[in-house]
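These notes are about the structure you will find just below.
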Amino acid sequence: MKRLTALLAVMLLALFLVPVAMAADVFPSKPVTGLVPMAPGGSSDLMARALEKYWGKYSPQPMVIVNKPGGGGVVGTEQIVRSKPDGYNMYIAYGSGHDIVMPSLQKMPYDPQKDLIAVARVSIHSVVIVTGANSPFNSIKDVIAYSKKEGKPVTTAVSVKAGAVDLALTAFGKAAGVNIVTVPFSGGAEATTALAGGHLMIGGGHPSEVIPHIKAGRFKPLAVVLPQRDPSMPDVPTLKEQGVDVATWGSVKGVAVPAGTPKEVVKYLETTILKICKDPEFLETMKNLNQPVMCQGSEEFTKFIKQATEDYAKLIKELNIKID
Amino acid sequence: METFSGLISGFSIALTPINLLFAFIGALVGTAIGVLPGLGPAATIALLLPAIYVVSEPVTAIILMAGIFYGSMYGGSTTSILLNLPGEAASVVTCIDGYKMAKKGRAGAALGIAAIGSFVAGTIGIVGLTLFAPLIAEFALSFGPPEKFSLAVVGLLMAVTLSGSSIIKGLVMLALGLLLASVGLDPISGKTRFSFGVIELQSGFDFVTLAMGVFGLGEIFIGLEAAVKVEVATTKVGSVWPTLKDWAASRMAILRGTLIGFFIGVIPGGGAVISSLVSYAVEKKVAKHPEEFGEGAIEGVAGPESANNAASSSSFIPLLTLGIPGNASIAMIFAALLIKGITPGPFLIQEHPEVFWGVIASMYLGNVMLLVLNLPLVGLWAQLTRVPFGLMAPVIILFTVIGSYSIQGQAFDIYSLIGFGLFGYVLRKLKFEPGPLVLAFVLGPMVEQSMRQSLLMSGGSFLIFVTRPISLSLIGLFAVLVAGQAALTIYKRFSPNN
Amino acid sequence: MDSARLNRAEKASSVVLVAFGAFIAWYSWHYLKLGMMIMPGAGFLPFCIGMILAVLGAAWYARTLLAPAAPRKALETGEAGGAAAGAESARSVILSRLLPGVLLVVLYAWLFEKAGYIVSTVLFMVGWQKLVEREEWVKTAIVAVTSAAFMYVLFARLLRVSLPSGSWWS
């Protein structure tokens, strides 16, 4: 009887210890989730999928990409902010419009700097102003001239509300005296599809989103909204070259995890991403996606996000842009 | 020619061992679950949706889902014929004559003709999909926000008006579906709606959870109540090969069913249910012995079964070219595509040719597999219909609970699953059809966003929906259909023959 | 449900629907804001839906008034006893099977993360076989253990879903 009791006790103990032992594995013991708060097919999503492709090369566990679009990126980012800070929930696209632009325009349900830990920067996406191939516009001057002559609003496709593209186009409208009506979609892919169908007059997007359409002859590029020309499309003049004094940093694309994630886990993720950044195959993939690789480690990236947010706040104040 | 080379490359993708395996698994599992009493295609796909999180290649995942979709359609007809229990509305018609045939000892013939008809119709439907989808995709670019809005709304309304059941209840389902879709952060203003302080609700309801709750769990709750024991017509199936006489009777029915199904499937809001109803009506009209209908006429099985399979194939056309799912089952495939990072739309064929052609090619293969699975193994499936409810019900509950938990790893989703299950139960008790609810939930964000985009484009004028030709013709087409239906109803009521 | 009971349930539901629609419309108008015509706010669509639901609820109520006159009369005269017995047995089925079934699922959900997958699933299956299906113990035990093990292999091993190990035990 005694032996039986002992046996039972051991079995029960074993039953309870198994899960404990399973939980004590080293990071990562299961696939990590890379959440993209934008619709599939946009520039953030493409970059996330490029990261996912080479993640397995440097980490024993694969990365699983999940798209959670909505609210200009807020929906998905908020999900990350309140997810378990164990490193298995990564936010890809940190530094997008809703992280560095939106806080200056409206109240956020979370603090993009305090509630998230910047892991690494991967790329910077400039904003390109384009128009459909059949459009009468051939340069920014044509758009301004049209607006002055007809006095009608210029409908503009942008990927999300209050994102970097929306802001760049709104800033252009204010500075050039053009009545720009930005029409937000849920991601760059949808916005460019609508523009390709000729349903809007002009549109904005990141090089990775618009270059395929330019190559296919569906879009004409009008201007790049950067201080200097974008290396991925050197033939396209900047807004400044065309006499409109507006330039932004575009959209920054990095990786973040929720605040409270253990330091060693953040370090592991940072090292893994920086390794991927040097992988020649990854660089080739990113080149094909028309996304410049501009990697930064956790510490520098945190400072960069702070600086970029301040720059945008200043621009918004100068141009007196308000939403709603 | 481009189509031809696309199809060839599609076959080279579909024929890789892994994709072949998943097409087979999909067909097998789809049939197996679809055969279980009470679980129709929509419920089957909903139950198995979490599986796509595990399959990493998008093509493979969609091939799996398409296989499940087809398999469950086949499985559903088996349950209808042997048990008189339609898994969903699309098989209701099959019950009428199929069950009668089974009672008369002709279960084999009924199952056989259903499988053959489904195979022929499914294959012809895919040929149509192969030929027409690329053409429609080019035209699809002219669908801007106003057109998308009109198409989505017309599609939703059609799903209700064509279904033949109560229009008021159908509209209530649509409105509730749209309302459920609006829970969470508003995509345009960034404001939270209807979350009432619940953090988990800020990102809105999860589609898979909703579908599994309303279809899977709701069905189980109803089953719990039904004290009536299911009467199995027979499990002795007999020969599945149709006799020459059967073949002569059903040959044309299969062809007519295919044509009807194909065209109805393309219409948003159409799909398997309506096409099977229309096919049955047509067969009854053209039959030499209409009095045999309802007493076990083989045409009454062959026509509708062909129609609903042709419709399943052709309903992929609006999904893959416009990115607009036409019915609840296709809406799940739509969700699966989005989860796998693919936005179906005009550029799908160019941007993801491997997905487009791979899936189409696998459909050809899947249909062959299903024919092979169904004709010789039909006896085995018949045995599956006898799985006792006491075992089936809790296992399905485990499926839904673990499935909904696995999506985000939060217990909240299990509670919302149960909530949707109870909701689905109440809907069934009050004689509501949950299909339009799920469809509206999926299309909700598109309806709202395209409406607001259109108003931005027009400067706040609703006239934009009637001044653009495509949008206007969609609305016009709908008006004509409704008027036609109303006229038909009135004519029937006052015609002296009735 | 017989038609008279269905009719009564429909009446009640339609009234609830009107109230619900009105609430949604009020909430959308008050808290979410309708915005302007050119840029409709977050509450615009929900407001419209609320109004539509209220109207549909009213139409539904009107419908229930038109439809069921015949069965009501039948109920008052001859079939009253039979119908009442039917309702009685329906209620007892709800109490004996549906209610324990639903409660078990809720309990399962509550235990799922706390007690972990294995314990909660075995408990749920045992509860179901005993309380809903009234099976004997041996069969109950076999069914509970095999189905919990089967689902574990399927989800945790084949599909690599991470199932909770139980917050109570760690």
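The values are calculated or read from the model by the stated rules, or taken from the named source; none is laboratory data. Quick caveat: nothing in here was measured; it's all calculated off a predicted structure. Don't worry about glycine lacking a Cβ; one is built from the backbone with ideal geometry, like all the others, and counts go over all protein chains shown. Keep in mind that these areas ignore ligands, DNA and RNA; they rest on the heavy atoms of the full protein, side chains included. Shrake-Rupley method; radii C 1.70, N 1.55, O 1.52, S 1.80 Å.
Please work out if B:P388 is within 14 Å of chain A (Cβ to nearest Cβ) and out of contact with any Pro (no Cβ under 9 Å at 6 or more places or on another chain).
In short, no.
From the list B:T78, B:T123, which residue is in contact with a Phe, Trp or Tyr (Cβ under 6 Å, 6 or more places away or on another chain), part of a helix (DSSP H, G or I) and either surrounded by fewer than 24 Cβ atoms within 10 Å (Cβ to Cβ) or not small (G, A, S) (or both)?
The unique qualifying residue is B:T78.
Of all residues being facing chain B (nearest Cβ under 10 Å) and among the hydrophobic types (A, V, I, L, M, F, W, C) in region A:28-42, which is farthest from A:K253 (Cα to Cα)? Just the residue, please.
It comes out as A:A39.
As an exercise: evaluate A:V210 against (1) surrounded by fewer than 24 Cβ atoms within 10 Å (Cβ to Cβ); (2) over 29 Å from A:K107 (Cβ atoms) and give the number of the one condition it does not meet.
For A:V210, the exception is condition (1).
If I filter region B:402-422 down to residues being at the interface with another protein chain (Cβ under 7 Å from one of its Cβ atoms), within 17 Å of B:S203 (Cα to Cα) and assigned to a helix (DSSP H, G or I), which single residue comes out as least open to solvent (accessible area, probe 1.4 Å)?
Here the answer is B:I414.
For the subset of region A:143-179 comprising residues that are of a type in the set (S, T, N, Q) and within 11 Å of chain B (Cβ to nearest Cβ), which member is farthest from the chain's Cα centre (by Cα)?
For region A:143-179, the residue satisfying everything is A:N179.
For region B:423-472, what are the residues that are surrounded by fewer than 18 Cβ atoms within 10 Å (Cβ to Cβ) and within 11 Å of chain C (Cβ to nearest Cβ)?
Within region B:423-472, B:V426, B:R428, B:L430, B:K431, B:G459, B:G460, B:S461, B:F462 meet the criteria.
Which one of A:L283, A:L289 is in contact with a Leu (Cβ under 8 Å, 6 or more places away or on another chain), open to solvent by 10 Å² or more (accessible area, probe 1.4 Å), farther than 28 Å from A:D111 by Cα and not polar (S, T, N, Q)?
The match here is A:L289.
Residues checked against (1) within 14 Å of chain A (Cβ to nearest Cβ); (2) part of a helix (DSSP H, G or I):
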| position | (1), (2) |
| --- | --- |
| C:W110 | no, yes |
| C:V122 | yes, yes |
| C:G127 | no, yes |
| C:L131 | no, yes |
| C:K139 | no, yes |
| C:V153 | no, yes |
| C:A156 | yes, yes |
| C:L163 | yes, no |
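Among residues belonging to region B:365-391 that are open to solvent by 20 Å² or more (accessible area, probe 1.4 Å) and touching a Ser or Thr at 6+ places or on another chain (Cβ under 7 Å), point out the one that is modelled with the lowest pLDDT.
The residue in question is B:R386.
Helices (runs of 4 or more DSSP H) wholly in region A:1-110 with at least 2 residues that are at pLDDT below 85 and touching a helix residue (DSSP H, G or I) at 6+ places or on another chain (Cβ under 9 Å) - which ones?
Of the helices (runs of 4 or more DSSP H) lying wholly inside region A:1-110, those with at least 2 residues that are at pLDDT below 85 and touching a helix residue (DSSP H, G or I) at 6+ places or on another chain (Cβ under 9 Å) span A:2-23, A:43-58, A:74-81.
Within region A:225-265, take every residue that is within 18 Å of the chain's Cα centre (by Cα) and of a type in the set (A, V, I, L, M) and give me the one that is surrounded by the fewest Cβ atoms within 10 Å (Cβ to Cβ).
Among them, the one singled out is A:L226.
Could you run through region A:193-218 and say how many residues are within 12 Å of another protein chain (Cβ to nearest Cβ) and within 20 Å of B:R468 (Cα to Cα)?
So the count comes out to 9.
Among (1) open to solvent by 20 Å² or more (accessible area, probe 1.4 Å); (2) touching a residue at least 60 places away in the same chain (Cβ under 8 Å); (3) within 14 Å of chain A (Cβ to nearest Cβ), where does B:T161 come up short?
That leaves (3) as the condition not met.
Would you please name the residue that is nearest to B:V447 (Cα to Cα), looking only at residues in region C:1-20 that are within 8 Å of chain B (Cβ to nearest Cβ) and not aliphatic (A, V, I, L, M)?
C:S13
Conditions: (1) over 27 Å from B:K191 (Cβ atoms); (2) open to solvent by less than 70 Å² (accessible area, probe 1.4 Å). A:L315 meets all but one. Number of the miss?
Of the numbered conditions (1) over 27 Å from B:K191 (Cβ atoms); (2) open to solvent by less than 70 Å² (accessible area, probe 1.4 Å), the odd one out for A:L315 is (1).
List pairs: first residue in region B:183-209 and within 11 Å of chain A (Cβ to nearest Cβ), second residue open to solvent by 30 Å² or more (accessible area, probe 1.4 Å) and hydrophobic (A, V, I, L, M, F, W, C) anywhere in the structure, Cβ distance under 7 angstrom, at least six positions apart or on different chains.
Qualifying pairs under 7 Å: B:E200/B:F412.
Of the residues B:L488, B:L477, B:L398, only one is over 30 Å from B:F221 (Cβ atoms), without any contact (Cβ under 8 Å) to a residue 40 or more places away in the chain and either open to solvent by 50 Å² or more (accessible area, probe 1.4 Å) or in a helix (DSSP H, G or I) (or both); which?
B:L488
Please indicate, with yes or no, whether at least one residue in region B:304-312 is acidic (D, E) and open to solvent by less than 10 Å² (accessible area, probe 1.4 Å).
Looking for residues that are acidic (D, E) and open to solvent by less than 10 Å² (accessible area, probe 1.4 Å), one finds at least one in region B:304-312, hence yes.
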